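Encoded as structure tokens, the structure appears first; notes follow it.
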């Protein structure tokens, strides 16, 4: 991955992971990569990978199931126009 110098690495990885959830690469209910897998793929520290997964959970894009892993959630539907 080519890093943007003016954007924190955690944010760049977050954006990549978020895009994968939104575009269906990680459909709802699918297990996301573990901290170790995120570290290996993006060549980042475990602390950075943990922050990415934490931010995804805080933004409602993922949920943690203790002892099992972190999973993509159903994306909220935009309100219907009417």
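Pairs of Cα atoms nearer than 8 Å and 6+ residues apart set the relative contact order; for the chain it is 32 percent. Using only the alpha-carbon atoms, how far is helix 9-22 inclined from the longest principal axis of the chain? Give it as 0 to 90 degrees, nearest 10. The angle comes out near 30 degrees.
Which one of 48, 70, 25 has the biggest mean-square fluctuation once the chain is modelled by GNM with Cα springs under 10 Å? With Cα springs under 10 Å in the chain, the top fluctuation among 48, 70, 25 is at 25.
FYI, it's all coordinate maths here, none of it is from the lab. This one's a predicted model, so the numbers in the text were calculated from it and none came from an experiment.
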